[in-house]
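Just passing along the structure, written as structure tokens.
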Amino acid sequence: MKFLEYQVKERFKAAGIPVPDGRLARTPDEAVLAAGALGPIAIKAQVPAGGRGKAGGIKLAKTPMEAKRAASEILGMTIKGFKVREVWCETAQEITREFYLGLTLDRDARKPVLILSAQGGMEIEEVAESHPAAIARLHADPWRGPLPFEVRDLIFRAGLGPLQGQLAPFINRLYALARSFDALTIEINPLALTRDGGLVATDGKLEIDENAIFRHKDLHGADDSDDDPLEAEAKRRKLTYVRLDGSIGVIGNGAGLVMNTLDLVQREGGRAANFLDIGGGAKAEVVHSALELINSDPNVKGILINIFGGITRGDEVARGVIDASRDLGLTVPLVVRLTGTREDEGRRLLQEAGITPKSTATEAAHTVVELAREASR
């Protein structure tokens with residue numbers, strides 16, 4: 001579950017992390033009222049995606065009329081596939097320095113990692129690539145959290161020793177907030193040092209582990225209407241789906257097999273359009289639903305189904321593929337690799353329907369990439 005900036009800042013404020021005063025506006029006239037109450041403001045598009053500034057989704061306004069004009073330009077625009085339906089109007093800050101502070105999961109270390117950098121205001125991935133020495137990390141013990149001396153060491157390694165008295169409470173409060181919300185990612189970027197010497201969270205990001213949502217039923221994140229439409233539809237269908245930027249639709253059973261299939265497609269010179277895992281024991285109806293979803297993506301030029309049957313039965317998968325091919329009138333190339341439980345029955349059904357299954361995943365990936373390439377010429 002992801003949250004919009006203003007929702008994150010509400011939680012920051014409740015946790016004792018200073019944030020600028022702000023108001024939510026859904027119309028240009030509401031932005032005018034915000035500017036009248038707050039003075040010079042920053043008007044910021046509220047979408048669950050980064051890069052808003054580069055896309056023109058953040059503007060400064062010194063007067064109510066400037067606020068109305070800026071809000072009119074931002075509301076309704078689309079940023080990384082998300083339509084802007086509301087803007088956050090907050091008091092403009094006089095910033096002297098910008099830092100980065102965040103926490104995420106380090107799956108290799110199997111621990112949360114606190115990240116602090118004296119270079120804020122840009123994507124932390126860019127800093128890591130161009131100035132890796134500018135990033136300090138602390139792998140906190142997940143049970144006891146960071147100890148005071150560990151926090152001080154993190155601050156000094158980031159080159160921010162003179163600010164340790166102010167930074168240490170920020171770090172501890174952010175860690176406590178992340179833990180209380182089962183956060184996968186939480187960050188302040190930029191964490192701003194203002195002209196009066198105070199620290200303020202001028203932006204915020206929070207993503208909660210969906211597996212822990214049952215512990216946070218009172219929370220409401222970014223509106224589902226702002227999600228990628230295909231991902232939102234996949235949620236309604238109870239399909240594990242992530243949209244990617246390629247042209248080969250991929251369906252498999254089991255996360256590891258699907259990820260391996262994505263790699264095979266790339267190795268053969270293609271790019272996957274999605275990750276879609278139908279899970280173990282999938283019935284024909286689930287396969288049909290998955291194919292229908294993939295086929296609704298206009299970027300898909302070929303579909304690869306890779307099934308290794310354990311609990312999943314090959315004949316059930318074949319029936320789903322055959323029914324979907326008939327019902328949807330598929331026009332893009334469809335390649336199937338089917339092995340495991342009842343593979344002989346499944347292969348026979350596919351061949352009778354005019355679909356020749358491939359014997360290996362590598363062969364299937366090569367075939368679908370070539371067919372998609374030919375179809376695009």
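The values are calculated or read from the model by the stated rules, or taken from the named source; none is laboratory data. If you're wondering where the values come from, they're calculated on a predicted model, not measured in any experiment. Don't worry about glycine lacking a Cβ; one is built from the backbone with ideal geometry, like all the others, and counts go over all protein chains shown.
Can you run down the residue pairs with Cβ atoms below 9 Å, 6 or more apart or on separate chains, where the first is in segment 274-286 and among the small types (Gly, Ala, Ser) and modelled with pLDDT under 95 and the partner is crowded, with 18+ Cβ neighbours inside 10 Å and in a strand (DSSP E or B)?
These pairs meet every condition: ALA282/ILE307.
Go through ALA109, ALA168 for me and flag whichever is touching a His at 6+ places or on another chain (Cβ under 6 Å) and either part of a loop (DSSP other than H, G, I, E, B) or without any contact (Cβ under 8 Å) to a residue 40 or more places away in the chain (or both).
Details: ALA168 fails: touching a His at 6+ places or on another chain (Cβ under 6 Å).
Criteria check complete, one pass: ALA109.
Out of everything in segment 52-65 that is assigned to a loop (DSSP other than H, G, I, E, B) and in contact with a strand residue (DSSP E or B) (Cβ under 7 Å, 6 or more places away or on another chain), what residue ends up being surrounded by the fewest Cβ atoms within 10 Å (Cβ to Cβ)?
Let us first name the residues in segment 52-65 that are assigned to a loop (DSSP other than H, G, I, E, B), namely 52-57, 62-63.
Checking which are in contact with a strand residue (DSSP E or B) (Cβ under 7 Å, 6 or more places away or on another chain) leaves us with 52, 55, 57.
On the way: ARG52: 21, ALA55: 17, GLY57: 23.
Going through the qualifying residues, I end up with ALA55.
Which of the residues belonging to segment 142-151 are more than 13 Å from THR104 (Cα to Cα) and surrounded by fewer than 17 Cβ atoms within 10 Å (Cβ to Cβ)? It would help to see each step written out before you state the result.
Keep residues of segment 142-151 that are more than 13 Å from THR104 (Cα to Cα), which gives 143-151.
Scanning segment 142-151 gives TRP143, ARG144, GLY145, LEU147, PRO148, PHE149, GLU150.
How many of the residues in segment 232-286 are in a loop (DSSP other than H, G, I, E, B) and either within 17 Å of the chain's Cα centre (by Cα) or not acidic (Asp, Glu) (or both)? Walk me through it before giving the result.
Kept after step one, since they are in a loop (DSSP other than H, G, I, E, B), are these residues of segment 232-286: 237-239, 244-247, 253-254, 268-271, 273, 278-283.
Of the ones still in play, those that are also either within 17 Å of the chain's Cα centre (by Cα) or not acidic (Asp, Glu) (or both) are 237-239, 244-247, 253-254, 269-271, 273, 278-283.
Residues that pass the stated criteria total 19.
While we're here: Quick one: which residue in THR341, THR367 is over 18 Å from GLY254 (Cβ atoms) and touching a Lys or Arg at 6+ places or on another chain (Cβ under 8 Å)? Before you say what the answer is, go through the steps one by one.
Details: THR341 fails: over 18 Å from GLY254 (Cβ atoms).
Checking each option against the conditions leaves just THR367.
Further, regarding this structure: Confirm whether ALA49 is touching a strand residue (DSSP E or B) at 6+ places or on another chain (Cβ under 8 Å), in the same structural domain as LEU191 (by TED's automatic domain parsing), in a loop (DSSP other than H, G, I, E, B) and of a type outside the set (Val, Ile, Thr). Please lay out each step first, then the result.
Numbers: touching a strand residue (DSSP E or B) at 6+ places or on another chain (Cβ under 8 Å): yes; in the same structural domain as LEU191 (by TED's automatic domain parsing): no; in a loop (DSSP other than H, G, I, E, B): yes; of a type outside the set (Val, Ile, Thr): yes.
Judged against the criteria, ALA49 is not a match.
Please indicate, with yes or no, whether at least one residue in segment 115-122 is under 20 Å from the mean Cα position of the chain (by Cα), among the hydroxyl-bearing types (Ser, Thr, Tyr) and modelled with pLDDT of 90 or more.
Just the residues of segment 115-122 that are under 20 Å from the mean Cα position of the chain (by Cα), to begin with: 115, 121-122.
If we keep only those that are among the hydroxyl-bearing types (Ser, Thr, Tyr) as well, we get none.
Among the residues of segment 115-122, not one is under 20 Å from the mean Cα position of the chain (by Cα), among the hydroxyl-bearing types (Ser, Thr, Tyr) and modelled with pLDDT of 90 or more, which makes the answer no.
May I pose another question? I'd like the full set of residues that are touching a helix residue (DSSP H, G or I) at 6+ places or on another chain (Cβ under 9 Å), under 14 Å from TYR100 (Cβ atoms) and either touching a residue at least 60 places away in the same chain (Cβ under 8 Å) or part of a helix (DSSP H, G or I) (or both), limited to segment 130-165.
Passing the criteria: ALA134, LEU154, ILE155, LEU160, LEU163.
Within segment 178-193, can you find the residues that are over 20 Å from the mean Cα position of the chain (by Cα) and surrounded by 15 or more Cβ atoms within 10 Å (Cβ to Cβ)?
Restricting attention to segment 178-193, the residues satisfying the condition of being over 20 Å from the mean Cα position of the chain (by Cα) are 180, 191-193.
Of everything in segment 178-193, those that are over 20 Å from the mean Cα position of the chain (by Cα) and surrounded by 15 or more Cβ atoms within 10 Å (Cβ to Cβ) turn out to be LEU191, ALA192, LEU193.
Right, another one. Among (1) more than 15 Å from PRO112 (Cβ to Cβ); (2) within 26 Å of the chain's Cα centre (by Cα), there is one condition PRO142 misses while meeting the rest; what is its number?
(1)
PRO28 is checked against (1) more than 23 Å from ALA232 (Cα to Cα); (2) buried (at least 22 other Cβ atoms within 10 Å of the Cβ) and fails just one. What number does that condition carry?
So the condition that PRO28 fails would be (2).
While we're here: GLY340 fails exactly one of the following numbered conditions: (1) farther than 25 Å from ARG267 by Cα; (2) in contact (Cβ under 8 Å) with a residue 24 or more places away in the chain. What is the number of that condition?
(1)
Follow-up. Check LYS83, LYS111 and return the single one that is assigned by TED's automatic domain parsing to the domain that holds ASP182 and not small (Gly, Ala, Ser).
Details: LYS83 fails: assigned by TED's automatic domain parsing to the domain that holds ASP182.
Every option except LYS111 fails the conditions.
Could you go through segment 95-102 and let me know if any residue there is without any contact (Cβ under 8 Å) to a residue 60 or more places away in the chain, surrounded by 15 or more Cβ atoms within 10 Å (Cβ to Cβ), touching a strand residue (DSSP E or B) at 6+ places or on another chain (Cβ under 7 Å) and over 21 Å from LEU184 (Cβ atoms).
no
Right, another one. Just to be sure I understand, how many residues within segment 309-326 are crowded, with 19+ Cβ neighbours inside 10 Å and either of a type in the set (Ser, Thr, Tyr) or part of a helix (DSSP H, G or I) (or both)? Quick ask: steps written out before the conclusion?
Taking segment 309-326 first, the residues crowded, with 19+ Cβ neighbours inside 10 Å are 309, 312-322, 324-325.
Add one more test, that the residue is either of a type in the set (Ser, Thr, Tyr) or part of a helix (DSSP H, G or I) (or both), and what stays is 312, 314-322, 324-325.
Residues in segment 309-326 being crowded, with 19+ Cβ neighbours inside 10 Å and either of a type in the set (Ser, Thr, Tyr) or part of a helix (DSSP H, G or I) (or both): 12 in total.
Residues in segment 234-246: is at least one among the β-branched types (Val, Ile, Thr) and modelled with pLDDT of 90 or more?
At the first step, the residues of segment 234-246 found to be among the β-branched types (Val, Ile, Thr) are 240, 242.
Right, trim to modelled with pLDDT of 90 or more and you get 240, 242.
Yes.
What pairs come out if I take residues in segment 293-317 that are more than 18 Å from VAL335 (Cβ to Cβ) and pair them with residues that are assigned to a helix (DSSP H, G or I) and small (Gly, Ala, Ser) whose C-beta lies under 6 Å away, six or more apart or interchain?
Short answer, once both residue conditions are applied: ASP315/GLY346; GLU316/ALA284.
How many residues, within segment 296-308, are crowded, with 20+ Cβ neighbours inside 10 Å and either touching a Leu at 6+ places or on another chain (Cβ under 8 Å) or closer than 21 Å to GLY254 by Cβ (or both)?
Residues flagged as crowded, with 20+ Cβ neighbours inside 10 Å and either touching a Leu at 6+ places or on another chain (Cβ under 8 Å) or closer than 21 Å to GLY254 by Cβ (or both) within segment 296-308 amount to 6.
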